[in-house]
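Participant: First the structure, which I've put down as structure tokens, then a few questions once you've had a look.
The values are calculated or read from the model by the stated rules, or taken from the named source; none is laboratory data. No experiment lies behind these values; they were computed from the predicted model shown. Cβ coordinates were reconstructed from backbone atoms using ideal geometry, including for glycine residues, and neighbour counts include every protein chain displayed.
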Amino acid sequence: MADHLANWFHPSLDWLAYTIAGAAGAALLLVVALMVAAVSMWLERKISARIQDRLGPTRVGGRYGWLQPLADGLKVLGKEDIIPAQADKLLFRAAPYLAYAAAFCTYMVLPFSGRWVALPLDSAVFMFLAVASLEVPAIILAGYASGSKYSLFGAMREAAQVVSYEIPLALCVVIPVMLAGTLSLSEIAEQQRGWLTSWLVFRNPFVCGAFFVFGICALAHTNRAPFDLPEAESELVAGFMTEYSGFRWVVFFMAEYAAMFAICGLGAILFLGGWNGPIPLTDLLGLRYDAGPLAGWLGDALGAINFIFKCFLGITCMIWMRWTLPRLRIDQVMSLCLKYCIPLATLMLAGCMLWQYAMPGGVVHTVGNAGHSHSPVAECTQHRPHAQRRLSNPLSGPGAPENSSLRQQPRLLLEATSVLLRGN
Amino acid sequence: MPMPANEPALLDMLKEQFAAAIQEADLSATDPWIQVAAEHLPAVAAFVRDHPQWRMEMLNCITGVDYWRDETTTANVDWQPHIELLYHLSSLARRSRLMLKVVLPRWKEGQVGQLPEVPTVSHIWRTAEWHEREVFDLVGVQFVGHPDLRRILCAEDWVGHPLRKDYQPPAEYRGIPIA
Amino acid sequence: MNPFTEPIGVTHYLCVGAVLMVCGMLCMFTKRNALGVLMGIELVLNAANVNLVAFGSSWLRADAARSIALDGQLLAMFVIVLAAAEAAVALAIVLCYYNTQATVDVDKASKLKG
Amino acid sequence: MQPESVSATQIEYDVQTEQMLLSMGPQHPSTHGVLRLALRTDGEVVLAAMPHIGYLHRCAEKIGEKLTVRQFVPYTDRLDYLAAMNMNLGWALTVEKLLGIEVSEKTMHLRVLVCELDRIASHLVGTCALGLDLGSFTPFMWCFREREKILNLFEALCGARMLYNYVVPGGVMAEPPRGWLEQCRQFLDQFQPVIEDLHVVLTTNDVFIRRTAGIGVLSPQTAISYGCTGPVLRATGVCWDLRRHGEPIYTRMYDDYQFHIAAQTDGRYPQHGRQPPVPGSAVLGDSWHRFYVRLLEIGESAAVVRQAIDKYSRLKGAPSGPIPMRTKLPQAAAYLETEAPKGQLGFLIIGDGSAVPWRVRIRSPSFCNLSAVEEMCRGCLLADVPAIVGSLDIVLGEIDR
Amino acid sequence: MEAINWHSVFFYLFAALACGAAAAVVLCGNIVRMAFALVAALGAVAGLFFLAGADFLGALQLLVYVGGTMVLLVFGVMLTSHSPLFALRSGAGHWIAAVVIGACLLTVLLRAALAANAWASPPPPQQLPPRLQPTTSQIGLALLGVRTDKLDRPDPVLQKGMCGYLLPFEIASVHLLVVLIGAMFLARTKRRMAATGSGSNSSQSIPRQLEIGNANRPHDAQNPTCTPPGE
């Protein structure tokens, strides 16, 4: 986009073109994030109402109350903005924006579709986790700066919770990364192109289990019930949000929904095929960029719809959980995450490794070619072109020697290991 | 069916144990009662709680009643001014009830403002702790030996004991007028 | 010369690193709170990381081939990982100290035995 | 400090932090009104919990000394405003005991009917509020929907939805309107599945069990010593219900009725087999049992209401009405306890020969139940405090009077 | 008008943020504010890493430092501070000595930084790649023992170290395990000794073990013994 824009400007104004392109992209993402928050809020109200035998919003914006989030937002904006006398004013003001920025910045690396990604980073998964973890200091900041004991409790709970769920979450994320052989979200999703069976969650039972653990940790990550301890209203009033009102409160609220969408997006890409539908519609219809830009764009749009649908499916599950389950206690959260999720995730990781070693081409292929396979490693490189491509990628630049040492990588590894062993 | 502890033997046993303490008693009434001297209350209470033929494990309620009379009284009553403490007990094991009655002067040694004193039973029944606080708060009886005798329903700095019959509500509390 | 139009070199990074380093040292000198000292150490380690990354970056010098390339990043990576470990141990020590001495004042930590 | 029995969860905490004084309430979402709990905490662990009450003190006993016994009935409504029928009944029976009145059998059946309906309504709030305290909002809405139906029935009966002034000394204020009994029956028919739903989302819910089982354990000895009554006492395994074990003037109302006392004796509840089983982690006298006892009592009360409808409609004539407004009281005292939903509600009336009592005393069940909170909360986690307070099902209107 | 170099602009932005926050760490008396100033400084350094083309490292910095270490630090602050606004002040003598030493050090460092010409000669913007070049795979392979970025090095001296960082990687992982166990062991104080020193809090007699939700204690053994009445 930036390059197209630059063509319209005088060369000396290239920087302006790039600025406009960057700002437009950021604005677009922001709009997406805000829309996501609004739709999620509406969904939350409607779904919770259904679960509780109510109707939910029915007035604002027609029969289904579409505009209720907007009305709520306007109402909250009109509220008095109170900063407690005991608060650390600067930090108190800064915290909600930091929280929202952390949630929002994850969208930066989240691919909505094949080419619809703000920053196609090579280490997108890692970047996602890193940026998402920034929400934690924001919450702690809010809890501390409020000058309220309830807020402080919320902050301490958040800190205790984060050290529990982050490890199993990361372990679960490692599994699809390992299977795909890349940290790039776009690449991982691309590898799941095809029918439903090519989604990573269906690759083997261990990934399926990892997806389950991922779901639990995602709930904990977004502070949603039954893990909403930092804002547990029954004991901590509203936890770290106790002293917030008006606009700043809304910002926290939107950060929660933005984070929900982001983590659901991560799950969708890592496990549920990203923007690829259960039926490879775009391939069947030929909606790819090699069939022309319009076809490619349509394919991307279709993919984005698919992806957003999956995200909202995840959000719906989260809402469903919230209105069904009571809240866990802090020691139960910690023991759940540390005592159950980490071993489970480790088991899934190990299981996945073994499975991949035994059947690198998947069950069907391995069983079908039982007689032909000699070396699992060889088969690995043979039947997983993506993995091969990833491995050879660093060398594909100009000047790289044709017969590189990379081909001897397994041997090198073995040598290094033996050196280590002998050294001891 | 609940049954009152109306066996005369029970009363005799009690009188034998605490000769001076039992002032009056009627175990055949609908609500059987024993009037106990104030200073012997804990001993009698512990006895009726623990003795297998009484077993009054539960203290249901402590009530302070201000029997008050002066020249302006219109009620047609004949009592001498005094305060009565009623301890309603019940036995779950024997399904019986008992009321201990303690008669106190309205003021200690007749000096107005000096609260009458009675030993606490909060170490015998835990529930007495709050009930005694309430009686102290509203009726104005000092429970000697109570671990934490503070007002419970009224504000900590409230003046007077509202359930005394001669209680005059203050005109205002911390600047808030009391209608 | 407009600094915003000039490209950035290794020197720029080194200057930032120097400032961070000095701030970290000052922090270590002046804070009496053990946690404050810990924060100073983190700053110093980060200053080193900035330099390492700058020396390894191929974007910051004209003769990019002579940079230490990935070595810089890898070293910085090990620094970060070990700094995290160091922070954990230091915090454990501080907590242990606090539990026995009821203070985190480093000036009072003059005994080896708790 | 040797615990009598070791509970399910034990926390060994090594990093000790500053103690903090946390004031829970009087404005707090989970203190069920204007209760204030002063908590001394070490991190998440509650070292001591001190209840402060009296924020809702309205001098009910003092007011009772100024009004005739008929005039005082609306004030009893305001004690436990979630179970006003039972409050009315306790007062009416005490006055009747003092005056030596006996009401007709038909009146008794009607009183049983409304009081047991009221018990269902009160327990619905009590159970779902515990769910709400643990962060489960949905059952709260379900229970309130059902309670609303009961309130509609009461509104048709006496015109009020909350403060009924219906059961009065001498009888009841009005006869049920035509078709009302049929409506009651319809309500009961559709009500049964709702209890099953509650069992699914709360009783057998693993998270709920983890949050309540083994929490706030009260031994029968401690409970009795604290004067805890009602579901709180029965949850400790003491089979004690004044509807069976009370004074004759009260128990004769229930003599003809078949119902079980929801208390675990000999290792099982009388409803065993028809209701979800007790989870292994639950300890007798914990929050889970208190909740469970209430749910069982809802079922028993529904059965009693069915019987009451039958018995009432079989009898001819009208229920008796109230005594005259300025009935003179004898120079005597009467104390009577009845089984209100929250526990044993006692009224003491001392007459001085005039129409106005010399002294009125209210023995509030929640007052005694709450006094045990200090004992129960010692050493629990902060998040357990709502689980304990919620399972006591207190109403501050009755505690503060 | 000369084209604005956004790379430079962002560099100055992050550099100013990093230096400012680092100064704030030094100058803040309040320990929690210090911690958050440190978060800002480390976050800004992560930005500088991105600008130097080290995307993986930047993310690592955010994840480990800002998300992890800082939570740990703030947790420590909250656990050990008597009140949230707790400060320990140093004397003026400390400050003067520190400033003098710091100024000397800064001079030396800046002189060193400005010394080499090669460092001060950045490449013209045209030479820079238009997009971020991925370093993730290279770092990963280097950790596994293969250096792919050194294959085209003209300088034989710089070509050394082709084996990568497998050994340090393994050592670091063992080190982390040791640290994990060590930290756990250290923080587990078995009992609290009598507080010496100033500022000791008064309550020392808290039982080490508390039973959750167990209120089963007999009240001074004076409870009534009660057998539940039968039906």
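Participant: Hey, can you tell me all the residues within segment D:54-98 that are charged (D, E, K, R), closer than 16 Å to D:Gly346 by Cα and touching a Lys or Arg at 6+ places or on another chain (Cβ under 9 Å)?
Facilitator: Those that are charged (D, E, K, R), closer than 16 Å to D:Gly346 by Cα and touching a Lys or Arg at 6+ places or on another chain (Cβ under 9 Å): D:Glu61, D:Arg78, D:Asp80.
Participant: Next question, about the same structure. Counting just the residues of segment C:1-47 that are β-branched (Val, Ile, Thr), within 21 Å of E:Ala116 (Cα to Cα) and out of contact with any Ser or Thr (no Cβ under 6 Å at 6 or more places or on another chain), which one comes out surrounded by the most Cβ atoms within 10 Å (Cβ to Cβ)? Write out each step before concluding.
Facilitator: Filtering segment C:1-47 down to residues β-branched (Val, Ile, Thr) leaves C:5, C:8, C:10-11, C:16, C:19, C:22, C:30, C:37, C:41, C:44.
Then drop every residue that is not within 21 Å of E:Ala116 (Cα to Cα), which leaves C:8, C:10-11, C:16, C:19, C:22.
If we keep only those that are out of contact with any Ser or Thr (no Cβ under 6 Å at 6 or more places or on another chain) as well, we get C:10-11, C:16, C:19, C:22.
Details: C:Val10: 24, C:Thr11: 22, C:Val16: 26, C:Val19: 22, C:Val22: 29.
Residue satisfying both the conditions and the ranking: C:Val22.
Participant: Mind telling me which of the residues D:Gly343, D:Gly390, D:Gly351 ends up being more than 13 Å from the chain's Cα centre (by Cα) and not aliphatic (A, V, I, L, M)? Walk me through it before giving the result.
Facilitator: Working: D:Gly343 fails: more than 13 Å from the chain's Cα centre (by Cα); D:Gly390 fails: more than 13 Å from the chain's Cα centre (by Cα).
None of the other options fit; the residue is D:Gly351.
Participant: Moving to a separate point now. Go through segment C:25-37 and give me each residue that's assigned to a helix (DSSP H, G or I) and facing another protein chain (nearest Cβ under 7 Å).
Facilitator: Filtering segment C:25-37 down to residues assigned to a helix (DSSP H, G or I) leaves C:25-30, C:34-37.
If the condition is that a residue be assigned to a helix (DSSP H, G or I) and facing another protein chain (nearest Cβ under 7 Å), then C:Met25, C:Leu26, C:Cys27, C:Phe29, C:Thr30, C:Leu35, C:Gly36 are the ones that fit.
Participant: Is it fair to say B:Leu138 is under 18 Å from D:Trp358 (Cβ atoms) and in contact with an Asp or Glu (Cβ under 7 Å, 6 or more places away or on another chain)?
Facilitator: Numbers: under 18 Å from D:Trp358 (Cβ atoms): yes; in contact with an Asp or Glu (Cβ under 7 Å, 6 or more places away or on another chain): no.
Criteria not met by B:Leu138.
Participant: Report those helices (runs of 4 or more DSSP H) wholly inside segment A:258-353 carrying at least 3 residues which are of a type in the set (Val, Ile, Thr) and out of contact with any Gly (no Cβ under 7 Å at 6 or more places or on another chain).
Facilitator: Here the list reads A:293-322.
Participant: Out of A:Val31, A:Val36, I need the residue that is assigned to a helix (DSSP H, G or I), modelled with pLDDT of 85 or more and surrounded by 13 or more Cβ atoms within 10 Å (Cβ to Cβ). Which one? Working first, answer last.
Facilitator: Details: A:Val31 fails: surrounded by 13 or more Cβ atoms within 10 Å (Cβ to Cβ).
Result: A:Val36 is the single residue among A:Val31, A:Val36 that is assigned to a helix (DSSP H, G or I), modelled with pLDDT of 85 or more and surrounded by 13 or more Cβ atoms within 10 Å (Cβ to Cβ).
Participant: Can you list residue pairs whose Cβ atoms sit under 8 Å apart, with the first residue in segment D:307-325 being among the polar types (S, T, N, Q) and the second being assigned to a loop (DSSP other than H, G, I, E, B) and modelled with pLDDT of 85 or more? Count only pairs 6 or more apart in sequence or on different chains.
Facilitator: Taking only residues 6 or more apart or on different chains, the pairs are D:Gln307/D:Asp256; D:Gln307/D:Tyr257; D:Gln307/D:Gln258; D:Ser320/D:Val103; D:Ser320/D:Ser104; D:Ser320/D:Gly170.
Participant: Within segment E:80-96, how many residues are modelled with pLDDT of 70 or more and either facing another protein chain (nearest Cβ under 7 Å) or touching a Gly at 6+ places or on another chain (Cβ under 9 Å) (or both)? Walk me through it before giving the result.
Facilitator: Taking segment E:80-96 as the starting set, the residues that turn out to be modelled with pLDDT of 70 or more are E:91-96.
The next check asks that each one be either facing another protein chain (nearest Cβ under 7 Å) or touching a Gly at 6+ places or on another chain (Cβ under 9 Å) (or both); those that pass are E:94-95.
So the answer is 2.
Participant: Can you pull out the residues in segment A:154-167 that are within 17 Å of D:Met24 (Cβ to Cβ) and at the interface with another protein chain (Cβ under 7 Å from one of its Cβ atoms)? Give the derivation first.
Facilitator: The first filter runs over segment A:154-167 and keeps only residues within 17 Å of D:Met24 (Cβ to Cβ), leaving A:154, A:156-157.
A:Met156, the sole residue that qualifies.
Participant: Let me ask something else about it. Being within 19 Å of A:Val76 (Cα to Cα) and under 19 Å from the mean Cα position of the chain (by Cα) is the filter; apply it to segment A:226-259 and report the residue that is surrounded by the fewest Cβ atoms within 10 Å (Cβ to Cβ).
Facilitator: By that ranking, first place goes to A:Phe253.
Participant: Separate question: Restricted to segment C:48-61, and to residues that are outside any helix (DSSP H, G or I) and among the hydrophobic types (A, V, I, L, M, F, W, C), which residue is surrounded by the most Cβ atoms within 10 Å (Cβ to Cβ)? Give the steps one after another, and end with the answer.
Facilitator: Let us first name the residues in segment C:48-61 that are outside any helix (DSSP H, G or I), namely C:57-61.
Pick out the ones that are also among the hydrophobic types (A, V, I, L, M, F, W, C) and you get C:59-60.
Numbers: C:Trp59: 24, C:Leu60: 28.
Only one residue tops the list, namely C:Leu60.
Participant: Could you say whether any residue in segment D:364-373 is surrounded by fewer than 24 Cβ atoms within 10 Å (Cβ to Cβ) and within 22 Å of A:Leu236 (Cα to Cα)?
Facilitator: Scanning segment D:364-373 turns up at least one residue that is surrounded by fewer than 24 Cβ atoms within 10 Å (Cβ to Cβ) and within 22 Å of A:Leu236 (Cα to Cα).
Participant: Also, I was wondering about something else. Only one of D:Gly131, D:Gly90, D:Gly126 is crowded, with 24+ Cβ neighbours inside 10 Å, within 14 Å of chain A (Cβ to nearest Cβ) and not aliphatic (A, V, I, L, M); which? Before you say what the answer is, go through the steps one by one.
Facilitator: Values: D:Gly90 fails: within 14 Å of chain A (Cβ to nearest Cβ); D:Gly126 fails: within 14 Å of chain A (Cβ to nearest Cβ).
Of the residues listed, the single one that is crowded, with 24+ Cβ neighbours inside 10 Å, within 14 Å of chain A (Cβ to nearest Cβ) and not aliphatic (A, V, I, L, M) is D:Gly131.
Participant: For B:Leu153, only one of the following conditions fails: (1) assigned to a helix (DSSP H, G or I); (2) within 14 Å of chain D (Cβ to nearest Cβ). What is its number?
Facilitator: It is condition (1) that B:Leu153 fails.
Participant: Could you check D:Cys239 against (1) more than 30 Å from A:Met321 (Cβ to Cβ); (2) buried (at least 22 other Cβ atoms within 10 Å of the Cβ); (3) of a type in the set (A, V, I, L, M, F, W, C); (4) modelled with pLDDT under 90 and say which number it fails?
Facilitator: With (1) more than 30 Å from A:Met321 (Cβ to Cβ); (2) buried (at least 22 other Cβ atoms within 10 Å of the Cβ); (3) of a type in the set (A, V, I, L, M, F, W, C); (4) modelled with pLDDT under 90 applied to D:Cys239, the lone miss is (2).
Participant: Same structure, new question: How about segment B:8-125: which strands (runs of 3 or more DSSP E) wholly inside it have at least 1 residues that are in contact with a Pro (Cβ under 7 Å, 6 or more places away or on another chain) and within 14 Å of chain E (Cβ to nearest Cβ)? Let's see the steps before the verdict.
Facilitator: Working: elements: B:22-26, B:33-36, B:58-67, B:82-91, B:96-104, B:117-119.
So the answer is B:96-104.
Participant: Could you tell me which of the residues D:Ile388, D:Ile394 is part of a loop (DSSP other than H, G, I, E, B), buried (at least 24 other Cβ atoms within 10 Å of the Cβ) and not small (Gly, Ala, Ser)?
Facilitator: Within the list D:Ile388, D:Ile394, the selection yields D:Ile394.
Participant: Count, please, the residues in segment B:126-141 that happen to be under 18 Å from B:Asp166 (Cβ atoms) and either more than 8 Å from chain D (Cβ to nearest Cβ) or not in a helix (DSSP H, G or I) (or both). Give the derivation first.
Facilitator: First, pick out the residues of segment B:126-141 that are under 18 Å from B:Asp166 (Cβ atoms): B:135-141.
Applying the additional criterion that residues be either more than 8 Å from chain D (Cβ to nearest Cβ) or not in a helix (DSSP H, G or I) (or both) yields B:135-137, B:139-141.
Residues that pass the stated criteria total 6.
Participant: State yes or no: is A:Ile140 within 30 Å of A:Leu302 (Cα to Cα) and of a type in the set (Val, Ile, Thr)?
Facilitator: On the way: within 30 Å of A:Leu302 (Cα to Cα): no; of a type in the set (Val, Ile, Thr): yes.
No; evaluated as a whole, the condition is false for this residue.
Participant: Considering only residues that are under 28 Å from B:Asp137 (Cα atoms) and of a type in the set (Asp, Glu), which ones fall in segment D:53-111?
Facilitator: Across segment D:53-111, the qualifying residues are D:Glu61, D:Glu65, D:Asp77, D:Asp80.
Participant: Going by the structure shown, is D:Thr265 touching a residue at least 12 places away in the same chain (Cβ under 8 Å) and out of contact with any Asp or Glu (no Cβ under 7 Å at 6 or more places or on another chain)? Steps first, answer last, please.
Facilitator: Values: touching a residue at least 12 places away in the same chain (Cβ under 8 Å): yes; out of contact with any Asp or Glu (no Cβ under 7 Å at 6 or more places or on another chain): yes.
Taking the combined requirement at face value, the residue satisfies it.
Participant: Cβ-Cβ below 8 Å, separation at least six or inter-chain, first residue in segment A:186-199 and in the same structural domain as A:Leu281 (by TED's automatic domain parsing), second among the aromatic types (Phe, Trp, Tyr) and in a helix (DSSP H, G or I): which pairs?
Facilitator: A:Leu196/A:Phe202; A:Trp199/A:Phe271
Participant: Does segment A:109-131 contain at least one residue that is within 30 Å of D:Gly43 (Cβ to Cβ), within 11 Å of another protein chain (Cβ to nearest Cβ), free of Cβ contacts under 8 Å to residues at least 24 places away in the same chain and more than 29 Å from the chain's Cα centre (by Cα)?
Facilitator: No; the residues of segment A:109-131 include none that is within 30 Å of D:Gly43 (Cβ to Cβ), within 11 Å of another protein chain (Cβ to nearest Cβ), free of Cβ contacts under 8 Å to residues at least 24 places away in the same chain and more than 29 Å from the chain's Cα centre (by Cα).
Participant: When the residues of segment D:349-371 are filtered to those that are closer than 27 Å to D:Ser287 by Cα and either in contact with a Leu (Cβ under 8 Å, 6 or more places away or on another chain) or assigned to a loop (DSSP other than H, G, I, E, B) (or both), which remaining residue is nearest to the other protein chains (Cβ to nearest Cβ)?
Facilitator: Looking only at segment D:349-371, we keep the residues that are closer than 27 Å to D:Ser287 by Cα, and these are D:362-371.
Now restrict to residues that are either in contact with a Leu (Cβ under 8 Å, 6 or more places away or on another chain) or assigned to a loop (DSSP other than H, G, I, E, B) (or both): D:362-366, D:369-370.
Details: D:Ile362: 9, D:Arg363: 4, D:Ser364: 9, D:Pro365: 10, D:Ser366: 11, D:Asn369: 10, D:Leu370: 8 Å.
Here the residue is D:Arg363.
Participant: Let me ask something else about it. Are any of the residues in segment A:132-144 within 30 Å of A:Leu344 (Cα to Cα), assigned to a loop (DSSP other than H, G, I, E, B), out of contact with any Phe, Trp or Tyr (no Cβ under 8 Å at 6 or more places or on another chain) and at the interface with chain E (Cβ under 10 Å from one of its Cβ atoms)? Full working, then the answer.
Facilitator: Step one: filter segment A:132-144 for residues within 30 Å of A:Leu344 (Cα to Cα), giving A:132-140.
Pick out the ones that are also assigned to a loop (DSSP other than H, G, I, E, B) and you get A:133-134.
Of the ones still in play, those that are also out of contact with any Phe, Trp or Tyr (no Cβ under 8 Å at 6 or more places or on another chain) are A:133-134.
Now drop any that are not at the interface with chain E (Cβ under 10 Å from one of its Cβ atoms), which leaves A:133-134.
Within segment A:132-144, one or more residues are within 30 Å of A:Leu344 (Cα to Cα), assigned to a loop (DSSP other than H, G, I, E, B), out of contact with any Phe, Trp or Tyr (no Cβ under 8 Å at 6 or more places or on another chain) and at the interface with chain E (Cβ under 10 Å from one of its Cβ atoms).
Participant: Only one of D:Ile394, D:Ile323, D:Ile362 is at pLDDT 90 or above and among the β-branched types (Val, Ile, Thr); which? Quick ask: steps written out before the conclusion?
Facilitator: Details: D:Ile394 fails: at pLDDT 90 or above; D:Ile323 fails: at pLDDT 90 or above.
Going through D:Ile394, D:Ile323, D:Ile362 in turn, the sole match is D:Ile362.
Participant: Now for a separate question. Can you tell me which of D:Val200, D:Val232 is out of contact with any Gly (no Cβ under 6 Å at 6 or more places or on another chain) and surrounded by 23 or more Cβ atoms within 10 Å (Cβ to Cβ)? So that I can check it myself, show each step before the final result.
Facilitator: On the way: D:Val200 fails: surrounded by 23 or more Cβ atoms within 10 Å (Cβ to Cβ).
Every option except D:Val232 fails the conditions.
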